Amino acid sequence: MIGFNRVLKTLSVYFMASVWIGSWGFFAVDEVSASITHILETNGTQISSVLKPGYVMHEKNGVKFMIKRETAEALGVVTLDMECDSPEFWDNIEYGVDLETLEFVVDFNNLNYRDYKIQNLYVVTEPYSPDAADWNHSTKGFEFHNFTKTLVPHNNDIAKVRLPLNKSNFASLEKTYPLDIKIEATSTGTSTPVACVKEEVSRIPVEKFADFANMEPFFADGIFQPYDIESLQVEAYGEDAFIEKFMEYQDLRKSGQDLPSLEAALALLGKNLIFEPSNEGDFKWEDQPVSYKLLRNKKTVIGLYGDVVKSDLEDVNKMIQVLHVVAPGLDISYSSETKDVTLPIHFTQCKDKLGKHIGCKTEGFVGVYFTSYKDYVWVDSSKRGDYRSHIIIHEIGHALGLGHNLCWTSAMTYEFEGPQVPYLSHIDLMQLQILYHPDLTPTSKSYKPAKRSLGRQEVINKLGLSEERVSYYEDNIEEACYQKPGAYDYLIDMQIGKK
């Protein structure tokens, strides 16, 4: 018994020593990590997700730091295992692009990439431009959809991935770029994906674009009225049914004839916002002649592309219906065929290299109307609910000629603390009623044949507005924001689903 107790005492001493040493070890590593964290934060080091040569990755509390290998060895820092860049794997597989089938093909030669701590293997496509900074100035937005990242399956010895490449009938109007094809691997065992390998595979020349799938707008039956569908086959719908609906359309356009034109709306049209941070906010009103508003005087056909959902079509349909009332001088519809579309709206997420091209990563915006000769819209498809609807309505509002304001309940507001209004509000509708009033004669601009502009005095004279009241609202612009004429209430109800 004495011998057994002595053994127990000896084991207890070893156990306590081990616990003390282990605890000190964890503390030491924690202190080293804290020191590295402090050094990196002090120097403002930017951490890339791609491991640079001569560096190792260290993780603390889910945050990754990239430090020089010799520094890590000198400090005894525990580093992440980056075996997914193992030459044993990468030197023994073969991959490339089949230009005939437009497939990315990988021959793993009996190797499974999961055995090499590769969490996911992707094939990446990116449009190539030697002038990346000016890339978005020569596109109608269809190139956005050629920024893709597709998972390569790991359970087949030879994996084939059809490249999700697209072109459009706008190809004759926009510059076309070759496409770079890359392969990217992310490692396992980390709280967030870390790209351990990313390298170029090949470039698809412009000549191969004839083999790409042509993009067509998203479409769903039962949303748009037949008179709002461009190139509708009347025979398929039924001639009598179409005529009945078309007569409803004519009644809808006439129903807005008695809507009043209001001085507050003209005052708002003569204002815009400039960025000027102050104690009262980051933006302030500035005068801008109403003649600067460039309006659409040719057929406007909308098409939605990319990560579109059914509710997006419903938002566009509701907007088109109220536009028939307040803007009878506007010819607007929707098409399921790209050949008809004049105003494309692209839905993608703001991420990776695409985000840099659009500018959303650097500027932080979630939607944009690309003005001038480009004339298309981009929407961040990661947004949901009323906020997503607000973005869609807001950007189409810009395409119709509306500017920004600081009105709390406007779809065009830059009042970020206010509600994200998912429809055209009273003051939005009031402005559109003036912009597209049938009694106003547009003055065409030769360098923008699809636009028209109006003059302030012309609006006052032809619509019988009070010069004094317009001037009052221009001097007290915030008061214009609160105008909610009852004659416009039914148009709000049309958009929010009330009968």
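Are any residues in the stretch 229-242 farther than 30 Å from Leu165 by Cα and surrounded by 11 or more Cβ atoms within 10 Å (Cβ to Cβ), and if so, which ones? So that I can check it myself, show each step before the final result.
As a first pass, look at the stretch 229-242 and keep what is farther than 30 Å from Leu165 by Cα: 234-242.
Selection gives Val234, Tyr237, Gly238, Ala241, Phe242.
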Of everything in the stretch 292-306, what is surrounded by 15 or more Cβ atoms within 10 Å (Cβ to Cβ) and either at pLDDT 85 or above or assigned to a strand (DSSP E or B) (or both)? Give them in sequence order.
Lys293, Leu295, Arg296, Thr300, Val301, Ile302, Gly303, Leu304, Tyr305, Gly306
Taking the stretch 209-221 and keeping only residues that are surrounded by 15 or more Cβ atoms within 10 Å (Cβ to Cβ) and out of contact with any Leu (no Cβ under 6 Å at 6 or more places or on another chain), one is left with Phe209, Met215, Glu216, Phe219
Taking only pairs six or more apart or across chains, which ones have beta-carbon atoms under 9 Å, a first residue in the stretch 358-371 that is more than 19 Å from Ile396 (Cα to Cα) and assigned by TED's automatic domain parsing to the domain that holds Ile391, and a second residue that is surrounded by fewer than 18 Cβ atoms within 10 Å (Cβ to Cβ) and at pLDDT below 90?
Lys361/Lys351; Lys361/Asp352; Lys361/Gly355; Thr362/Gly355; Thr362/Lys356
Take Asp115 and decide whether it is at pLDDT below 90, within 35 Å of the chain's Cα centre (by Cα), charged (D, E, K, R) and on the phi < 0 side of the Ramachandran plot.
no
Go through the residues of the stretch 369-376 one by one and say whether even a single one is out of contact with any Ser or Thr (no Cβ under 9 Å at 6 or more places or on another chain), within 28 Å of Ile181 (Cα to Cα) and among the small types (Gly, Ala, Ser).
no
Within the stretch 309-335, restricting attention to residues that are at pLDDT 95 or above and of a type in the set (Asp, Glu), which residue is farthest from His390 (Cα to Cα)?
Glu314
Contact list please: Cβ distance under 8 Å, first residue in the stretch 108-124 and in the same structural domain as Trp90 (by TED's automatic domain parsing), second residue acidic (Asp, Glu) and part of a helix (DSSP H, G or I), pairs at least six apart or on different chains.
Tyr116/Glu83; Tyr116/Glu88; Lys117/Glu83
Which condition does Ser335 not pass, out of (1) more than 23 Å from the chain's Cα centre (by Cα); (2) surrounded by 21 or more Cβ atoms within 10 Å (Cβ to Cβ), if it passes all the others?
(1)
Considering only the stretch 124-166, state which residues are modelled with pLDDT of 75 or more, touching a helix residue (DSSP H, G or I) at 6+ places or on another chain (Cβ under 7 Å) and under 20 Å from Thr348 (Cα atoms).
Thr125, Glu126, Pro127, Phe144, Phe147, Leu165, Asn166
Test: Ser278 is surrounded by 13 or more Cβ atoms within 10 Å (Cβ to Cβ) and either free of Cβ contacts under 8 Å to residues at least 40 places away in the same chain or not hydrophobic (A, V, I, L, M, F, W, C) (or both)
no
Asn169 - would you say it is assigned to a loop (DSSP other than H, G, I, E, B) and at pLDDT 85 or above?
no
Test Lys383 against the criterion of being assigned to a loop (DSSP other than H, G, I, E, B) and not aliphatic (A, V, I, L, M), and give yes or no.
yes
Hits in the stretch 307-345 (condition: under 19 Å from Tyr376 (Cα atoms) and in a loop (DSSP other than H, G, I, E, B))
Asp307, Val308, Val309, Leu330, Asp331, Ser335, Ser336, Glu337, Val341, Thr342
Please pick out the residue among Gly397, Gly401, Gly355, Gly367 that is touching a Lys or Arg at 6+ places or on another chain (Cβ under 6 Å) and within 29 Å of Tyr473 (Cβ to Cβ).
Gly401
Check Thr71 against each of (1) modelled with pLDDT under 85; (2) surrounded by 15 or more Cβ atoms within 10 Å (Cβ to Cβ); (3) of a type outside the set (A, V, I, L, M); (4) assigned to a helix (DSSP H, G or I) and name the one condition it does not meet.
(2)
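For (1) touching a Leu at 6+ places or on another chain (Cβ under 7 Å); (2) modelled with pLDDT under 95, each residue gets a yes or a no:
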residue: Cys360; (1), (2): no, yes
residue: Asp375; (1), (2): yes, yes
residue: Glu395; (1), (2): no, no
residue: Ser410; (1), (2): no, no
residue: Gln420; (1), (2): no, yes
residue: Tyr423; (1), (2): no, no
Considering only the stretch 278-301, I want to know if a residue exists there that is hydroxyl-bearing (Ser, Thr, Tyr) and within 24 Å of the chain's Cα centre (by Cα).
yes
Applying the selection to the stretch 392-401, what residues are surrounded by fewer than 24 Cβ atoms within 10 Å (Cβ to Cβ) and either without any contact (Cβ under 8 Å) to a residue 40 or more places away in the chain or touching a Ser or Thr at 6+ places or on another chain (Cβ under 7 Å) (or both)?
Gly397, His398
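The values are calculated or read from the model by the stated rules, or taken from the named source; none is laboratory data. Quick caveat, the model's predicted, so the values are computed rather than measured. Cβ sites come from the backbone with ideal geometry, for glycine too, and all protein chains shown count toward neighbours.
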